[in-house]
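Student: This is the structure I have questions about; it appears just below.
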Amino acid sequence: MESFKSAPHAIACSAATIYSKLTNPSLIKNLIDEHADKIEGEARQHLDTVKFSEDAISIQSPMGEVSLSLDREQSIDGQRVVYTASQSPVPINMVIILEPQPDDTTMSTAELQLQLPFFLRKMVEGQLQEGANRFGDLLARIPFDRL
């Protein structure tokens with residue numbers, strides 16, 4: 001399985017709080033709905049392709065809708081959140097690694113794990129790395145303590 005990781009980001013919140021919020025994506029939808037008027041054009045258009053439910057995130061892609069469901073078996077309380085694609089042409093995991101720090105902050109790293117054929121990997125690895133980086137940046141901007 002190929003892995004594409006973001007750079008680590010410091011989040012001013014405890015790992016336990018972040019974990020509890022990330023395992024309930026409907027909270028993120030509520031936050032987006034509250035601040036929709038502050039989201040600018042292109043970002044707002046991208047949000048229209050994402051749906052949140054209590055335990056899944058669905059993304060409209062060129063391949064059709066991809067649904068990522070919370071994988072409670074692979075997730076580790078306060079340390080790791082894993083979402084797994086249930087309907088995808090290739091196995092996909094979206095992993096958020098949480099590392100508690102002594103000052104009540106958390107270092108987070110976003111990771112995309114995919115099982116890709118070698119020839120396809122070379123064509124899309126740049127886009128996948130960019131996606132992991134953007135996802136890591138997005139996580140660092142979420143005000144987890146206010147969700």
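The values are calculated or read from the model by the stated rules, or taken from the named source; none is laboratory data. Quantities reported herein were computed from a predicted structural model and do not represent experimental measurements. Cβ atoms come from the backbone with ideal geometry, glycine included; neighbour counts cover every protein chain shown. Just so you know, the surface numbers come from the protein's heavy atoms only, side chains and all, with ligands and any DNA or RNA stripped out. Shrake-Rupley method; radii C 1.70, N 1.55, O 1.52, S 1.80 Å.
Student: Let me understand the range 69-137 better: what is its radius of gyration from the alpha carbons, and its Dmax, in angstrom?
Tutor: Expressed in Å, the Cα Rg and Dmax of the range 69-137 come to 13.8, 45.
Student: What is the range 56-137's relative contact order, in percent, from Cα pairs under 8 angstrom and six or more apart in sequence?
Tutor: 18
Student: If the reach is capped at under 16 angstrom between alpha carbons, list the aspartates and glutamates near K51, excluding any in the same chain fewer than eight residues apart.
Tutor: D33, E34, E65
Student: Quick check on packing: order 100-109, 81-90 by the mean number of other C-beta atoms within 10 Å, highest mean leading. All intermediate terms of the calculation are to be shown ahead of the outcome.
Tutor: Values: 100-109: 15.1, 81-90: 16.9.
Ranking, from highest mean packing down: 81-90, 100-109.
Student: Quick one: with all protein chains in place, what share of the accessible area of the chain is carbon or sulfur, to the nearest percent (1.4 Å probe)?
Tutor: The C+S portion of the solvent-accessible surface of the chain is 52 percent.
Student: Below 8 Å between Cα atoms, with a sequence gap of 6+, how large is the relative contact order for the range 50-95 in percent? If you can, show how the numbers build up before the last one.
Tutor: Details: 73 pairs, mean separation 12.2, N = 46.
For the range 50-95, the relative contact order is 27 percent.
Student: Roll a 1.4 Å probe over the protein chains and send me the accessible area per residue for the chain in Å². Could the numbers behind the result be given before it?
Tutor: Numbers: 8740 Å² over 147 residues.
Spelled out: the 1.4 Å probe surface of the chain, per residue, equals 59 Å².
Student: Another question, then. Considering only the other residues whose Cβ falls under 14 Å of the Cβ of S26, what net charge follows from Lys and Arg at +1 and Asp and Glu at -1?
Tutor: Net charge around S26: -1.
Student: Let me ask another. Once phi is turned into θ = phi - 60°, what whole-Hz ³J(HN,Hα) does the Karplus curve with 6.51, -1.76 and 1.60 give for every residue of the range 10-23, x standing for Gly and Pro?
Tutor: 8, 10, 7, 6, 6, 4, 5, 5, 4, 4, 5, 6, 5, 8
Student: Let me ask you something else. Using the alpha-carbon centroid of each, what span in Å lies between the range 1-31 and the range 71-101?
Tutor: Between the Cα centre of the range 1-31 and that of the range 71-101, the gap is 10 Å.
Student: Within 15 Å, Cβ to Cβ, of S3, how many net charges do the neighbouring residues add up to if Lys/Arg are +1 and Asp/Glu are -1?
Tutor: Surrounding charge for S3 is -1.
Student: Any idea what the relative contact order of the chain is, in percent, if you count C-alpha pairs under 8 Å spaced at least 6 apart?
Tutor: Values: 258 pairs, mean separation 49.8, N = 147.
Value for the chain: 34 percent.
Student: Residues with beta-carbon under 15 Å from that of Q74, excluding Q74: net charge, scoring Lys, Arg +1 and Asp, Glu -1? The partial results should precede the final answer.
Tutor: On the way: positive: R72, R80; negative: D55, D71, E73, D77, E111.
With Lys, Arg at +1 and Asp, Glu at -1, the neighbours total -3.
Student: Continuing with the same structure: Can you list the residues, at least 5 places off or on another chain, whose amide H is less than 5 Å from the amide H of R80, using H built in the peptide plane?
Tutor: L98
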